Amino acid sequence: MDSKTSSQAENQSDLIRTGEIDKLAQELLRLENELNSNIPATLCISDLHGEGGRFISILRGRFGMMYQTCREALPNTFSSHKIQYLTRVIRKKSYIKDDEVNMDIQDVILCLVDVLRYKLSNVRFRMEDIFLPEFQTTITRMISGLPVPDPVFEEEIISLRLISHLSHTIRKVLLDRIIVLGDVFDRGSQPDKIIRILSSPSYRNMVDYVFGNHDILWMGAASGNRSLIAEAMRITCRYDHFELMERLHFDSSKLAAFAEKTYPSDTVTGNFKAETARGRSMEKALAIIQFKIEEQTIRDHPEYEMESRLWLDKLAGMLKSGKTEGLNDNHFPTIDLESPGRLTGEEQEVIDDLVEQFITNKRLMRLLEYFFSQGKTYHIH
């Protein structure tokens, strides 16, 4: 090999080494940026239990993250009262006049820009994914420290809209994912409101939903399982959620008529939690129907090995012998002492009516579609 060829080979080798060093440097810088970036926040919440209003309030405040982020992003000279004021502005997405804080519209805009700049530092976002198009250019320039047109601060109608857009964006980037660990249904009166929020376009793609036992209960009921239908309705009556029944288009008239005739509220002395007379009667009626259906299921499936749960036989034995001193309720007009697990004709009509309503209820199906399509039995994060 002559000297010229050797020199070319050495130069090519140097270029290869330089290229490798550049790639290595690029990867090191990328990793360093990730290590120094704001970690996307994932929050877990469980047991919502139908508390729609409370859930909305917590969601607006981003589970306390809003106050903490404002505290970290803004100067230490800011008082707690001023930080609380700014979190209220972000929650309401509008300017709030507060004589104690004494912040004008321009002050609020600049503070919100500081909070957004802090949260976006070293985090890769596609601008079209986080900014509403109307103010994308303006907000991007302000975050970068570039000048913006005077009307942004001088024209109130523009300033107020900018505050709304900034607040919207801050709320959006504060939270990356929500993991809901079950039970939208149970004692609260607004499970339908919570499901509509979780399944809305604003949240659907950022929520991982893990079933709770009450969610599975309602899914089974919507699928036509008789004992689960009785239990779902019993719990609903236990907390007197008649408005929820109406919103879901359930007609409880047949159930109520049977319950109030068979179990007048003054005879319901057991451990029933409903506060209204109607609710107590319906809760007890459904409890007896549920227990009967469950016992029939146990008898039909000996492989379950649940014979120890056949309590109605034991109850019938106590009623036969008259030894009912240990019972806190001994009014059981639908219990056949010879066949305690058999439904009466009226009980059969009641449960048949409820089954028909559950499996044909389009409003309920639209709600539970979220569970069936998005829910899971476990989640690995």
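Only the coordinates and a few stated rules stand behind these numbers; no lab work does. Bear in mind the structure is a predicted one, so any value in this text is a computation, not a measurement. Every residue, glycine among them, receives a Cβ derived from its backbone with ideal geometry; neighbour counts consider all protein chains shown.
Computed values, structure above
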read-out: Net charge, ARG363 excluded, C-beta distance under 9 Å - Lys, Arg +1, Asp, Glu -1; value: +2
read-out: Sorted largest first, extent of the stretch 213-376 alpha carbons per principal axis (Å); value: 51, 40, 26
read-out: Neighbour-count order for PHE242, PHE272, fewest beta carbons within 10 angstrom listed first; value: PHE242, PHE272
read-out: Charge dipole magnitude, Cβ of K and R +1, D and E -1 - the chain, Cα centre, debye nearest 20; value: 500 debye
read-out: Relative contact order computed over the stretch 195-348 (Cα-Cα under 8 Å; 6+ residues apart), in percent; value: 20 percent
read-out: Helix runs (DSSP H) in the chain reaching 20 Å along axis by Cα, Kyte-Doolittle at least -1.0; value: 3-36, 105-120, 156-174, 277-300, 345-360
read-out: Shape of the stretch 190-236, Cα gyration tensor, a/c cut at 1.5; value: prolate
read-out: Size of the stretch 127-197 as Cα extents on the principal axes (Å, biggest first); value: 53, 23, 15
read-out: Translational diffusion of the stretch 239-308, µm² s⁻¹ [Kirkwood Rh, Cα pairs; Stokes-Einstein; 37 °C; 0.692 mPa s]; value: 242 µm²/s
read-out: Qualifying aspartates and glutamates (Cα of each under 12 Å from Cα of LYS254; at least 8 residues distant if same chain); value: GLU346, GLU347, GLU349, ASP352, ASP353
read-out: Rg(Cα) / (2.2 N^0.38 Å) computed for the chain, rounded to two decimals; value: 1.49
read-out: The stretch 132-282 - Rg over Rh from alpha carbon coordinates, Kirkwood radius; value: 1.25
read-out: Size of the stretch 323-375 as Cα extents on the principal axes (Å, biggest first); value: 51, 26, 15
read-out: Contact order relative to length of the chain, as percent, for alpha carbon pairs under 8 angstrom and 6 or more apart; value: 17 percent
read-out: Mean shadow area of the stretch 74-175 over all directions, Cα convex hull, nm²; value: 6.6 nm²
